[in-house]
Structure formats: C-alpha cells, structure tokens
1. Considering each of Thr100, Thr141, Thr122, Thr157 in turn, give the residue that is touching a helix residue (DSSP H, G or I) at 6+ places or on another chain (Cβ under 7 Å), more than 20 Å from Ile86 (Cβ to Cβ) and surrounded by 15 or more Cβ atoms within 10 Å (Cβ to Cβ).
2. Would you mind stating whether Asn62 is loosely packed, with under 12 Cβ neighbours inside 10 Å and under 16 Å from Glu143 (Cβ atoms)?
3. Does Gly128 count as more than 27 Å from Ala66 (Cα to Cα) and assigned to a strand (DSSP E or B)?
4. Identify all residues within segment 98-119 that are in a strand (DSSP E or B) and over 28 Å from the mean Cα position of the chain (by Cα); write none if there are none.
5. Kindly evaluate Tyr145 against the criterion of being in a strand (DSSP E or B) and in contact with a Pro (Cβ under 7 Å, 6 or more places away or on another chain).
6. Exactly one of these conditions fails for Ser139: (1) in a strand (DSSP E or B); (2) in contact (Cβ under 8 Å) with a residue 24 or more places away in the chain; (3) in contact with a Gly (Cβ under 9 Å, 6 or more places away or on another chain); (4) at negative phi. Give me its number.
7. Right, Gly169: part of a strand (DSSP E or B), touching a strand residue (DSSP E or B) at 6+ places or on another chain (Cβ under 9 Å), farther than 23 Å from Lys47 by Cα and modelled with pLDDT of 95 or more or not?
8. When both residues are 6+ apart or on different chains and their Cβ atoms are under 9 Å apart, which pairs have a first residue that lies in segment 108-125 and is at pLDDT 95 or above, and a second that is surrounded by fewer than 13 Cβ atoms within 10 Å (Cβ to Cβ) and in a strand (DSSP E or B)?
Amino acid sequence: MKKKSRFLIYPLMIMGMLLMLANSCNWKEEEKTVTVPITISDDNFYKQIGYSLVSCYIDIYNQNLAGHPVGYQNITVNGPMGGTVIITGTDGYSSNNGITTTDLIFSMTSVKYVTNASGFETEITLTGATTCTGSFSSSYTSENYQSNNLHISGSVTHNDIVRKIDRTGIVSINRLTSSISATIFGNTVSW
C-alpha cells in the first residue's frame, strides 16, 4: 500500500507545481496611471485678466468722459456691464496736438466685465480703486493703471476648461502704443 500511495502523491505534487507555475506566469503588476489635470497656464490666465482690465478701463473712460468737457471730474456712473464707478480727478485735451491727458481715479464697486479674445472667455467683477494716469491720442498711448487693493473675482474659460480667480492685491498695468505689460498679484505678463 505504501507504494500505491506514493504514486498517487507524485501526480498531485506535479499538478500543484504546474498550477503554481501557471499562476505565477499570469501575474501582472497593475499599471499605474498618473492623471495630470489640464489647466490654463499662468501666462494665458493673467494675460486674459489683464486684457479684460484694460478693456474695462477704456470702456469706463470712453462711455463716461470721451466727448464730454474736460477738467475736474466727480461723477458716479454705471460700470460697462454692471456695478458702480465713481470717477474723480482731472482730464485734459490739447487741440494743438490732439493729446488727451488723464489723472483719474476709478472707485469701482461690483463692476462686471466680459471679454472674448483668442478663444478665451473672461468674466470678471472688480471692487476697489484704480488710478489712471498718462496720455493718449489717435496715434499714441502712454497710460498707467495702478491699484494697491483691487479685488478681482471671476473666471477664464478656454476649450471647456475653467480657471477661477478670487483675490485682492496690487495690480499695475502699463499701456503703450504697441504693447501692454501687467503685473497682477505678482504675476507679470505682456502682450
């Protein structure tokens, strides 16, 4: 009987080894996939915010002061797309050279503005004071927009990707004839 049971054990042992070998060959390490979130770059994000700010400031001026008497200003107006702006300071115009000068403060409360440029839609709401100083004409621009405590909330959307902003801080924009540079909350961009 011992011989018979020994012969029965060998096939079971061989079968067990084959099963272990087969299972070890089929074992695979799980593939690890790293998902990197797709976002709007800082450069594009702050360029769009800066572009929207400049467009808003130009619209505030054009809608409320262009073509009106120059000199001391102290008016309360609606923002281009909502909100309130108190405009104080002075502006001037020289008929000799066609240059307009500005030394104004836009005190904004919940001023809404929307732009669509280069496939980006930017929606912002502004609260705070911005000084607008410099000069411009039909062929020349040298304007500076400075705010020490501007609150910007809103978003930039591109190809269904949305990046939000809700910050308060220093904003400085230099607008020249052929270029604009902006520093928004420490992020510097130009176009």
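1. Working: Thr100 fails: touching a helix residue (DSSP H, G or I) at 6+ places or on another chain (Cβ under 7 Å); Thr141 fails: touching a helix residue (DSSP H, G or I) at 6+ places or on another chain (Cβ under 7 Å); Thr157 fails: touching a helix residue (DSSP H, G or I) at 6+ places or on another chain (Cβ under 7 Å).
Being touching a helix residue (DSSP H, G or I) at 6+ places or on another chain (Cβ under 7 Å), more than 20 Å from Ile86 (Cβ to Cβ) and surrounded by 15 or more Cβ atoms within 10 Å (Cβ to Cβ) holds for just one of Thr100, Thr141, Thr122, Thr157, which is Thr122.
2. Details: loosely packed, with under 12 Cβ neighbours inside 10 Å: yes; under 16 Å from Glu143 (Cβ atoms): yes.
Against the criterion (loosely packed, with under 12 Cβ neighbours inside 10 Å and under 16 Å from Glu143 (Cβ atoms)), Asn62 qualifies.
3. On the way: more than 27 Å from Ala66 (Cα to Cα): no; assigned to a strand (DSSP E or B): yes.
The answer is no for Gly128.
4. We begin by selecting, within segment 98-119, every residue in a strand (DSSP E or B); these are 99-117.
Listed by number, the residues that qualify are Ile99, Thr100, Thr101.
5. Working: in a strand (DSSP E or B): yes; in contact with a Pro (Cβ under 7 Å, 6 or more places away or on another chain): no.
It is false that Tyr145 is in a strand (DSSP E or B) and in contact with a Pro (Cβ under 7 Å, 6 or more places away or on another chain).
6. (1)
7. Values: part of a strand (DSSP E or B): yes; touching a strand residue (DSSP E or B) at 6+ places or on another chain (Cβ under 9 Å): yes; farther than 23 Å from Lys47 by Cα: no; modelled with pLDDT of 95 or more: yes.
The answer is no for Gly169.
8. The qualifying pairs are Ser110/Gly82; Val111/Gly82; Lys112/Gly82; Tyr113/Gly82; Thr122/Asn116; Thr125/Gly82.
The values are calculated or read from the model by the stated rules, or taken from the named source; none is laboratory data. Here the structure is a predicted model, which means the values were calculated and not measured. Virtual Cβ from ideal backbone geometry, glycine too; neighbours counted across all protein chains shown.
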